[in-house]
Structures are given as C-alpha cells and as structure tokens.
C-alpha cells in the first residue's frame, strides 16, 4: 500500500445504510428527485434546503419509499400546525398521510405528529422517522433532544430536514450528527474543532481539518439555496422582490441624560421596548388597518400581543399559553383565509408554515435571534409567492444596537451558507451536476518538441 492510499484509508467515512429507490414521483422537480434518490441510498441523511424548496414533498416521497421498501410505517415529526399542512401536501402527490395525536391514531404507512407529542408514540415500531424543520431542536431543552436521540436508536431509516443549518454551530451540528448516528458530539470536537479563546462554549474548525470536515459533511448531508446550487436551472424558484421597511420610533432620553443613548444591555433594551410599546403598536395598527390584505404581526412580549389584538379589529392572537387546539385552529384559519390578521410570536408560528397568500408582515420589535427573524419572513417569501413581499420592522430609536446585530448576523449567515453550498457542491454525491465546471480542452495546434528534446 502506497502512502496516499494509507492516508485515504484513515479518513472517517459514513457508510450508506439505505436502498435504491423504486419509482420516484414524476411530480417532483428533477433536482428534488435526485435528492430523494440520494437520501434513500444513504438511509440516514440530512437535507439542508432553503425555505420554499420543497422539503415537505421530498420527505413525503422519501417516507413513501421507506414504507414500500420495508413494509413498515414512518413517523414524521413536525412543528405545531404543520401536521395538517403535511397531510394536504401528501394529497397533492397521491400519498395518504395520517395526522396523529395519540398512539391509537397511527395507521399503516405515513404518519405525522407534533414534536411535543413524541412521548405518546413510544409504543410503536417504526421503519423510518423524519424530523421536519429539524433546527427547531435548538429551541427544546437538552432532555427533549436526548429523548429523540435515544428514541430513534432502534429506527433504521432517518431523515432530518431544515432550512437554516449552521455547520459552525457545534450544538446544532452535534444534534444532527447524533440523530443520524453519524458521530457523537465528543468525536466531532476531537476530530474537527478546537477551542476558540478561553471558553468551552465556542469552537472553530482546526485549520488542517477543514477539507476533511467538508468532505465528511458532504457524505451525509446536502445543502442548497436554489436549484442551480446542484447544477439545475432555477426556473420558477426565482423569487419576487422583498422590500425591507424600517420604522424608527422616537425614544425619550433616560433619566439624567440630555440625549437618547442606544440600549446595549439586555435590561436596557427591554426597558426601551416597554417605553416605546404604545407608539410601536399604533404605528403597526395604522399600517394593518389601512389595508384589506392578509397580515401577520410578529412580537416577542405578551403585552405587545395583547395591545396589538385590541388595536387591530378582527385580529386573532395566538399565545404560548393557549391550548394546542386554539393554536392549530388559528393558524389553519389564517391559512384558509377565514382570519385576515394573525398576531403571534416567531417561536410559535415561525417554522414550517406555507403562507404565500400573504405578502405583508410586521415585526413590532425584534429580538437578537436572526434565525427566528429569517424563518418568520420566509413563511411568505418562498416558492409560490407571486407578489413582492413587504416586511416592516418597527423598533424604537434606542434599539439600534439590536437592529444592527440582526444585520450583522444576516451578513454572516449569508456568507456561511455560501461557503456551505460551495464546499458541499464538491463533496456531495447529489451535486454531481455541479462537481465539474471546466472548459473542454480542444488543441488547435499540434504540439512540437524542441530539437534538443
């Protein structure tokens, strides 16, 4: 064995444990069908596809293939109110998907349930499992994530789907790798990462391990923001414009100061939000009440939510303390058009829903979470949207630091995903169409050696 082959033999490989897909639905786009075939072949994989690229039909088709291959059942875990949406999407593809609340609801084939109800399905043997919007796991406590990891140990086929992966977010990467039984968190740290500074919570890739890391990631996951990332034509996936409108409400100087100062600490930012709530709510209400179109208004504080519901006639408020039935009924009501204005939080309805019928949204205040902001916006700005999307961000003058932090994270997220797609296009088997983009060499002159040679 030569040295190069010896080194190659030391590289950690993620072995495929899947099967060859039989007959992928012709209703999928070509690039979606390629991803499904690859995911079936892998057996355990992650699809990091941006919002609106059809993760739901891809995971339904993957689950159907698993059911046919094994003769068993598949469980899809989804965020709140996404279960019914998954069922409707299944009908479009001629696939029956059963929405389950209890173990007794399970039927042969595909079943979908909310994450919060996982405990109720532990008495069933599953052939496969899908995590829809798998990045939502970051919002649960460590015990819940551990429960899912332990629960799937006996399930052979596994698929994770999310739009906002963060490969340099060790926690999220560990969640996905452990769910897929690719590698444990401790192994990931030892192989690819080193401490970033004097903290045990920040990590960065080792310089010499960078290429090995991307190659490893490309074996078990695929990432794309648009079909052209995989070598296909973007076609109808070119989105209409998105208009960002920032509304700055004047703030009063703090006690003992002549001028308004930006709020830098969390306590100061909360105080600034409370002091400006009346003005921000009024500004938003004027925008929504002056329109007859559908709107979703996002907020973070219960006081904001209550005030907005009072200021906007006909608005329906959805809070964390509401019953699951009220939440699902309200989100479904907005989907089918019986509710014109919905007031809620990104943590409640910011994942998974398809609301292309709506092109207007407002944030009455904004948190430091760029992912929450991005996910909430992409409920509307996604494939199927035919109109320009208008996003209104309403903050106080003192909250400039929060707004700038979101802008900074947006730039970083864009750069990060660009790097993710670029590297994985080289290493992922799905991206075979984009692997080589070289000009063919066609010599025009015959090569002649010099006389001395």
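Computed from the coordinates by the stated procedures, all read-outs in this text should not be read as laboratory data. Predicted model only: the values in this text are computed from it and were never measured. Reconstructed Cβ throughout: ideal geometry from the backbone, glycine too, with neighbour counts over all protein chains shown.
The figures follow:
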{"read-out": "Calculated FRET efficiency for the pair residue 186/residue 310, C-beta based, R₀ 45 Å, to 0.05", "value": "0.30"}
{"read-out": "FRET efficiency estimate (nearest 0.05) - Cβ-Cβ, residue 204 to residue 119, R0 35 angstrom", "value": "0.45"}
{"read-out": "Inter-label distance for residue 303 and residue 244, nm, one decimal - labels placed 7 Å from Cα along Cα-to-Cβ", "value": "2.8"}
{"read-out": "Label-zone membership for segment 48-75, site residue 27, 7 angstrom Cα→C-beta point, backbone N under 12 Å", "value": "57-58, 60-61"}
{"read-out": "Gain upon complete extension [residue 92, residue 329; 0.36 nm per residue less C-alpha separation]", "value": "83.1 nm"}
{"read-out": "Inter-site label distance for residue 368 and residue 321 at 7 Å from Cα along Cβ, in nm", "value": "2.6"}
{"read-out": "Stretch gain in nm, segment residue 20-residue 286, where the contour uses 0.36 nm per residue and the Cα spacing is subtracted", "value": "90.2 nm"}
{"read-out": "Residue 387 versus residue 405: modelled label distance in nm, points set 7 Å from Cα along the beta carbon direction", "value": "3.4"}
{"read-out": "Estimated FRET transfer efficiency when R0 is 35 angstrom, pair residue 146-residue 356 (beta carbons, to 0.05)", "value": "0.45"}
